[in-house]
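The values are calculated or read from the model by the stated rules, or taken from the named source; none is laboratory data. All figures in this text were calculated on a predicted structure; none of them were measured in a lab. All Cβ positions, even for glycine, are placed from backbone atoms using ideal geometry, and neighbour counts span all protein chains on display. The area values use the complete protein model at the heavy-atom level, side chains included, leaving out ligands, DNA and RNA. Shrake-Rupley method; radii C 1.70, N 1.55, O 1.52, S 1.80 Å.
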Amino acid sequence: MPSVEIKPALDAQLAARLRNAQPALWTNPARQAHPPAGLQALGRSISLDDTKAAAARWERFAGLLALVFPELAETAGVVESPLLAATALQPALGMGEGQGRLFIKADHGLPVAGSIKARGGMHEVLEFAEQLALQHGLVQPGGDYRVLATPAAREVLGRYQVAVGSTGNLGLSIGVVASALGFKAAVHMSADAKEWKKDRLRQRGVLVVEHAGDYERAVAAGRAQANADPLCHFVDDEQSFSLLLGYSAAALHLQKQLAEAGVQVDAEHPLIVYLPCGVGGAPAGITFGLRQVLGPHVHCFFAEPVQSPCFLVQMLADATHGAGQHPSVYDWGLTNRTEADGLAVPRASLLAAALMGPLLSGVFTVADSTLFAQLVLVLDTLGARIEPSAAAGFSGPAMLTGTTAGQAWLQSSGVEPVLHNATHLVWTTGGLLVPDAQYQGFVQRGRAVLAESA
Ligand SMILES: *Cc1c(COP(=O)(O)O)cnc(C)c1O
């Protein structure tokens, strides 16, 4: 590992901004242009082959998914989102001439789950179903998985339970796909989970267990209950390889979409990706995939709420003390309170953090008021409906061009001289299923913020 040097003055400034819940940018001095093909985390090594295996699993299940989810008939069971040009939004984000082109990866419209959680959450349930189906002889390797929709197969899967702890969106994804495949499903929700998400799950026959504490408490409670039951599979958002690899498969699809859109990725044409981050599994999985597939000239930044920068404080701890620490945002005097409920996580996934050490370019934080304002800008310029969590990435370009830390990174990364050729890709991670009344409330708050700053 390269030795880590942090300029003391900058570091103190960053620490002060973090503590004061002001938007801040940290860039990763340990990023490697050419990381090893296999990366270690939690005692296991993963590589591009694992990402390809996840993509192949999605393909094996496509026929079944098209059968059990009417909304997937159109795409023949493929759960994917478009890559959209977002040039119209550039001026509103403060992107001047010569600062590159803006795209969005529209996971806010991902079918079935309505968020990026479709990628990881559905993949893990599919992997569990596949394991059981082979074990019970319900399918043969290479066979047609549509037999899993038959009553006989569903009866077998129905003996098992899938459980998860969630702030909301992961629970939605797991609960919906598990119940659709015939599993029993239990979702342990934190106090900040939205009521409509609980209602939606209950309507699907999913057991919703409410916990008074935060996301971490909900996960711990779910994990304990599931460990006591041999027929229960617990989806562990803090340490699941299956989730992470499900997310990573997005990279293979995006690679094709970039090629179709005529977007090159090389030294002259960097790709900068901005990913909203909660516990870190989704953005780390995608970053892992993108770095394997696209190489050194894709730069990934995570975006977190100013009150919940769990990944940033984890990366800072790793950079200053080495591995072994697991700080929470409470340790920094922060509240973990944010309207970006998908990102309201006090402590990062150590799996995600370990993998990101050599891969990630940086992490920045965003105020809730900015999320609401940008949610409105996205509606007005692109007509897209996103939830507050999904707006976190839109501060990325200005964070790089308009802050001292960002400008220093542009210089040191070699992006600055070719910024005019850069592609900025903001990952919009959720929104499709947000009820209209809730969404209108977000829009009102965003319009108020915009009116105030006008
Ligand atoms: C969960 C979630 C994320 C982040 O995923 P993590 O794996 O928790 O980091 C981002 N956006 C939305 C809308 C989410 O629900």
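Details
- Descending Cα extents along the principal axes, the chain, whole Å: 63, 44, 42
- Backbone HN-Hα couplings from phi across the stretch 191-201 [Karplus 6.51/-1.76/1.60, Hz, Gly and Pro as x]: 4, 7, 5, 6, 4, 5, 5, 5, 4, 4, 5
- Full extension of the chain between residue 227 and residue 154 gives 24.0 nm of extra length, using 0.36 nm per residue less the Cα-Cα distance.
- Diffusion coefficient, µm² s⁻¹, Stokes-Einstein with Kirkwood Rh over alpha-carbon pairs of the stretch 117-239 at 25 °C and 0.890 mPa s: 170 µm²/s
- Mean Cβ neighbour count within 10 Å, used as a protection proxy, ranking 50-56, 248-254 highest first: 248-254, 50-56
- Under 5 Å between amide hydrogens, built in the peptide plane, is the criterion, and for residue 233 it picks out 161, 162, 163 among residues at least 5 positions away or on other chains.
- Computed over protein heavy atoms with a 1.4 Å probe, the accessible surface of the chain works out to 38 Å² per residue.
- In this simple spin-label approximation, residue 267 and residue 381 carry label points 7 Å from Cα along the Cα→Cβ vector, and these lie 3.2 nm apart.
- Lysine pair count for the chain with Cα-Cα distance under 23 Å and sequence separation of 8 or more or different chains is 13.
- Estimated [θ] at 222 nm from DSSP helical runs (n ≥ 4, -39500 (n - 2.57)) normalised by residues in the chain, nearest 500: -13000 deg cm²/dmol
- Approximate spin-label separation residue 47-residue 418, in nm, with each point projected 7 Å along Cα-to-Cβ: 2.7 nm
- Degrees between helix 281-294 axis and first principal axis of the chain (Cα, 0 to 90, nearest 10): 70 degrees
- For the chain, the longest principal axis of the Cα atoms and the long axis of helix 250-260 meet at an angle of about 60 degrees.
- The listed peptides 322-329, 190-197, 298-305, 125-132, ordered by packing as a protection proxy, come out as 298-305, 125-132, 190-197, 322-329 (highest mean of other Cβ atoms within 10 Å first).
- FRET efficiency estimate (nearest 0.05) - Cβ-Cβ, residue 259 to residue 37, R0 25 angstrom: 0.65
- Extension gain (nm, one decimal) between residue 407 and residue 78, 0.36 nm per residue minus Cα-Cα: 114.5 nm
- Within the shell of other residues whose beta carbon sits under 10 angstrom from the beta carbon of residue 182, the net charge comes to +2, with Lys and Arg scored +1 and Asp and Glu -1.
- Dipole moment magnitude, nearest 20 debye, the stretch 117-239 about Cα centre, only Lys, Arg, Asp, Glu C-beta charged: 420 debye
- Label-reachable residues, the stretch 410-454, where backbone N falls under 17 Å from a point 7 Å from residue 199's Cα toward its Cβ: 432-442
- Share of carbon and sulfur in the accessible heavy-atom surface of the stretch 117-239 [1.4 Å probe, %]: 50 percent
- A simple packing score, the average count of other Cβ atoms within 10 Å per residue, orders the peptides 257-267, 283-293, 62-72, 361-371 as 283-293, 361-371, 62-72, 257-267, with the highest score first.
- In degrees, nearest ten, helix 310-321 long axis to first principal axis of the chain (Cα): 60 degrees
- Radius 11 Å from Cβ of residue 280, net charge of other residues (Lys, Arg +1; Asp, Glu -1): -2
- Between the stretch 205-279 and the stretch 67-111, the Cα center-to-center distance that results, in Å: 18 Å
- Take the Cα of residue 454, step 7 Å toward its Cβ, do the same at residue 439, and the gap between the two points is 2.3 nm.
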